[in-house]
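The values are calculated or read from the model by the stated rules, or taken from the named source; none is laboratory data. Keep in mind that what you see is a predicted model, and the values were worked out from it rather than measured. FYI the Cβ positions are ideal-geometry reconstructions off the backbone, even for glycines, and counts take in every protein chain you see. Ligands, DNA and RNA are stripped out before the accessible areas are found, and what is left, the full protein with its side chains, is counted by its heavy atoms. Shrake-Rupley method; radii C 1.70, N 1.55, O 1.52, S 1.80 Å.
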Amino acid sequence: MIRHKYNMREQLLQQWKRWQRGLVQSLLRIHDPGDHTMSRVMLLGLSGTIGMPLYYLIWHYSFPQAYENLVLRTIGVMICLPAPFVRRLPAGWRKVYLVAGLTYVLPFFFTFMFLMNHASAVWTQSLLVALIVLFHFDIHIATFAYVGGTLLACVAFWVFGDVAFLLDTAVLQQLPIHWFAIAVLSVAKVGRNVLAQEKLAGLGAGLASVAHELRTPLTSVDANVRGLKRLLPAPASGSDGDSERAGMREALARIQFEVRHMNHMIDLFLLSASAVNQNLRPDAMVSMATVVESVIRRYPFVGDAQQQTVVVEVRDDFRFAGQTELSVVILLNLLRNALKAIQRAGKGRVRIIVDGARARPRLLFIDTGCGIAARHLPLIFRRFYSYPAHNGSGIGLALCKDIVEAWGATIRCVARESAYAIFILEFPRPASGPSL
């Protein structure tokens, strides 16, 4: 008998451990919430901080309901209060806060209050609104929070309420309505994502078409310049036309330089356009120092003076799981943005630091140009957002973020207006094992 109880206890412990592992794995599969999601979290946190106590007064005094709970509302306020500071948390803790906060504040609280008030009209409508708000977040996070919060609310009602009411018609008839609302919101969200992908694909195809069309006239210009240089007589010592011919040769050399510069820019556009529709998953172990060297070699600097503003410091090279060409796309975009910032400011330089000696190897991209205003900083990785306005297509940094996150790495920016901008790319240290 004792042994039987011991075996049952061991089985329960094993099941509990399996459930914990499953929960952790589910949380890990949820992507790190982006800046747009964090803005929604801050707005929801502000709404909860104000709304929880306000509606306690409304439903308790102005329009009394059958059940109210100040303790549950206080817990909700305590969860909502840190929302404005959640950006400062590490990515893993942001994810935990987002899932736990949404689970409690929306499906758990509203479902429990709906049940404790015996499906009153007020709480029926409130629960539906809460679910609509919930499914404006990422579909995976919302689904996880909905299932977890609803189950926890049912368990709590089983303990504190009339368990038979869980199967009442007033409760069960709400499920098809909720599921229909969730389905409509999910379809609309998928539709928006499809439209965004089509817009990206169209933009990529447009970039590729324009780039290819530019090749022909540029090739023609380059060929004509070479022909003119061959036809131009060599300067003769003491000749009166030496200065004119020298000036003409200098002008032709500048034209050739500009043609080469445009061809390099076309290469950058084509790389970015192809990356829009490319599979982003890593397929090789890439050396960061090699990528940086390749980017410096390939970038179309406007003369030696501009190239000398870029300093590369390899403290310790590291290898990461990624794709070589996509790594070049990331660094070309960052270098181009940094040099534009220096050009706008009329001062500054660029430092590229490869630092692989840390627990998480990282690449620092530092420019001391015009910097970035604090109000724009949370938006720079948003797709189709450009800063300053009309300064590009707004896909460069968004594309960089998509690529980096597909490799399990992170990219963030620390900046000060009129002073500096530092882009920090941190990579997971590769696990020992067979190469990709």
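Couple of notes before you dig in:
- Principal axes of the stretch 135-194: Cα extent on each, largest first, Å: 45, 21, 10
- Under-5 Å amide H pairs with ILE380, H placed in peptide plane, nonlocal only: none
- Integer Hz, Karplus 6.51/-1.76/1.60 couplings in order for the stretch 136-148, x for Gly and Pro: 8, 8, 3, 4, 5, 5, 5, 5, 4, 5, 4, 5, x
- Candidate residues ASP283, ASP317: accessible-area rank, largest first, probe 1.4 Å: ASP283, ASP317
- Proximal charge balance of LYS229 [Cβ under 14 Å; K/R count +1, D/E count -1]: +3
- For the stretch 294-429, Kirkwood radius (reciprocal of mean inverse C-alpha pair distance, Å): 15.2
- Area of GLU405 that stays accessible when all protein chains are in place (1.4 Å probe, Å², to 10): 70
- Rg/Rh for the stretch 57-174 stands at 0.99; both radii use Cα atoms, and Rh follows the Kirkwood definition.
- Viscosity 0.890 mPa s, temperature 25 °C, Stokes-Einstein D of the stretch 287-355 from Kirkwood C-alpha radius, µm²/s: 195
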